[in-house]
Amino acid sequence: MSEAPRSPLITLNAGEGQLPKAVAAVKPQPQTPAGKSRLPQPQTRLPMPSTQLPMPNSRYGATKRKQDFTPDVQNVVGIKRKADTVRGAPPPKMPNIRKTTAAGTRPGTRAAVAAKPPVGRPSAASRAGATRGAAAAKTGARNVTARGAGTKPAPKAGGMTRSNSGSTIPKGAAAKKRPAWDLKGRIEDMEKVMQCMQSEKEAITQQKEEITQRSDHIQQDLQTLQHENSTLQQRVREGDTTVRDLQKKNQNLEEDVERLSRQKKSLERERDDLESDLKTSRSECQGLKGTIAQQAAAQEGIKAELQLSKSQLETTNVALQAEKTTVEGLKNELAEALQKIADQDVQLQQAETDRRVLHNTIQELKGNIRVFARLRPMLPTEGANSDGIDDIPHFAWYDGNVLELDKAMDGDPNETMSGLKRTTSQKVEFNFDRVFAPSSSQAEVFEEIAQLVQSALDGYNVCIFAYGQTGSGKTHTMEGDMEGTPEHRGMIPRAVEQIFCTAEKLKTKGWEYKITASFLEIYNESLRDLLDSKQDKKMDIKLKDGRSSKDNKTNDVYVSNQVVVDVNSEAEVYPLLKKANKHRAVAATKCNDRSSRSHSVFQLTIKGENHLTSESCSGVLNLIDLAGSEQVKKSGSQGKQLQEAQNINKSLSNLSLVITALSNKDSYIPYRNSKLTHLLQNSLGGNSKTLMFVNVSPQEEHLGESINSLRFATTVNQCNIGTAQKKVK
Ligand SMILES: Nc1ncnc2c1ncn2[C@@H]1O[C@H](COP(=O)(O)OP(=O)(O)OP(=O)(O)O)[C@@H](O)[C@H]1O
């Protein structure tokens, strides 16, 4: 008996309902369409139980059961029926089978059981049984039908004949029916039947053994399946766990997807912004590229220019080097020239010194009285402008010592027959030792009198006057602006500076000087001490040796009660000058225009001793600012002013007389006719040196007074008062 081929499990899976629950449970879930998710795919294809397991019931194929097994059973039934017949038992009633066949499968029969639809998961044995039952039912039905038809006898098959019951019997027994008496025949038949049955029994036993073996196999298969089932269930549980994990992962992944989606949107927005920025940047970049291109072009141009400049610079450097060499040469030449100039300056200074010495000698020979004319500039209040400082109408000056005055003026209309103004033009030329133009500085003026000031240190009596009408510049010349800038300082402060400076220098030659200062004014022929605030003290001019001042043989006079201050330095003199100015100012408030109506006399007495040579000298430096020289008759002054004018004129005219007498070498010099000449008795004539500044106003309306002043100065200038003598012991 050949073993039926194993039915594959797929045979069992032919119908959905025939699948075991466990297998159905592990049926692969519908897959997520590929590509819809990037998440790792769950293991949808779980390890399937072996679908190729050899099924126990597969050994009972329907074909085999129809061919081999079912006929044997039918034979057994037939044999049993025969036996029952032999034992006198009624044969089974076949109509029941027919009935059953007609009415359908009766419950409780094997065929009926086999015909029943499987409930739950049928076991392999039951499926086999059902199959066999169904096959047997079919066979039985066929046999019954054949018998029921009763038209034809059963076909013979070899030596054996199939009985009505379907069992195989010996041919003889089936071929003829033995009479009842033929017991022997019947026994033989029975024996034959018995043999057949015996052989069938053996076949059945063999089949039973095979069935037993198959059952064992089925049991083994069942255990295997149960094991597989539990394994599958375990896998299903694992699968469930995996599915839950996967679902959880899926959920996480979905959340991730959601979050990533939000991030994506955010990133997309950022991308959009960045793209916008990029677009802007690109346009800017484009602009910058254009600018860079322009700059590059410009740079190229600049490079070219630079290159050109470099080459020019190199050329220039070469030229510069040559120039440097030339400059070096020129520098050397310049240094030589400067040295020559310096030498010439020294020579010039020496020549100037020599000139002054010679000039001084000439003046001494001439009579020792000198006159300097100084024309002041127009003032801003007089319509002056800075450009025309030297452009003074009616005045001209040249050669340093000539002052020309053009008298061209509108005449008196009454002097003409036509009544028209007559213009007269008459140039008058005045010669002086020096003429200072309006632009001459205080320093230039002092330079001319420095030698004279020096003479006071040498033992001469020096008298420097400033003469001229009111407002002509006398005070400016003598004092200047002592509070302002140094360049405006007048002759007094500059003379003081030089005296002390020279005295300091002469110390090296053994000279020690004692210097005293006094400052007084003569107003209306009375003396007033400008260094004393007492106004009412009595001051008188006396001879130093106690003799009467009437004795004209001596000129050593002094002023009684006068404050005489020892001064050791320039700095000690300035407070005295300020004090004197202050007292003059106070007096001026009490008497209108008093300063113009008084003579001020600043006096420095200088006594020197030389401990090296035992020489001694004594000199006096008088710096005098005379009162205004207006003509009284023209000014129409009356009363006090008339008296002032008369006194002024008296003193000035007396000064002129004294100078004239000195010039004429008269035996009598009228010093005492005025306080001024009396005071200056020892400084006029004899061993004195006299210098007169004649200050001239540039104003047209003062032309008459200017001519008078210049005439007076000319007279003085023409005087020869003899050679001055040093007072040296
Ligand atoms: N050389 C000059 N340069 C510039 N200004 C001058 C000069 N001389 C005189 N002045 C000015 O002219 C004005 C009159 O001068 P100053 O007072 O010296 O005249 P004065 O003759 O002394 O008059 P008074 O007799 O009334 O005292 C002043 O304001 C003075 O500063």
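The values are calculated or read from the model by the stated rules, or taken from the named source; none is laboratory data. If you're wondering where the values come from, they're calculated on a predicted model, not measured in any experiment. Every residue, glycine as well, gets a Cβ built from its backbone with ideal geometry; the counts of neighbours run over all protein chains shown. Each accessible area value is taken on the protein alone, full model and side chains, heavy atoms only, with ligands, DNA and RNA left out. Shrake-Rupley method; radii C 1.70, N 1.55, O 1.52, S 1.80 Å.
Structure notes:
- Measuring between alpha carbons in the structure, the pairs from K544/K665; K534/K578; K534/K607; K507/K579; K507/K607; K537/K689 lying more than 20 angstrom apart are K544/K665; K534/K607; K507/K579; K537/K689.
- Put a dot 7 Å past the Cα of K279, heading toward its Cβ, do the same for Q307, and the two dots end up 4.4 nm apart.
- Diffusion coefficient, µm² s⁻¹, Stokes-Einstein with Kirkwood Rh over alpha-carbon pairs of the stretch 206-275 at 4 °C and 1.567 mPa s: 77
- At R0 = 45 Å, FRET efficiency that the Cβ-Cβ distance of D481 and N332 yields, to 0.05: 0.50
- Accessible area in square angstrom per residue, the stretch 223-339, 1.4 angstrom probe: 84
- Rounded to whole Hz, the Karplus (6.51, -1.76, 1.60) HN-Hα couplings of the stretch 496-503, x for glycine and proline: 4, 4, 5, 4, 5, 5, 5, 4
- Reciprocal of mean inverse Cα separation for the stretch 657-713 (Kirkwood radius, Å): 13.0
- Computed E for N610/T325 - FRET, C-beta separation, R0 51 angstrom, nearest 0.05: 0.30
- Per-residue extension of 0.36 nm, minus the Cα-Cα distance of L348 and Q294, leaves a gain of 12.5 nm for this segment.
- With the simple model of a label 7 Å out from the Cα in the direction of the Cβ, T242 to A571 spans 11.9 nm.
- Long-range amide H partners of W397 with built H, under 5 Å: E404
- Using Cβ point charges alone (K and R +1, D and E -1), the dipole size of the stretch 173-216 about the Cα centre works out to roughly 380 debye.
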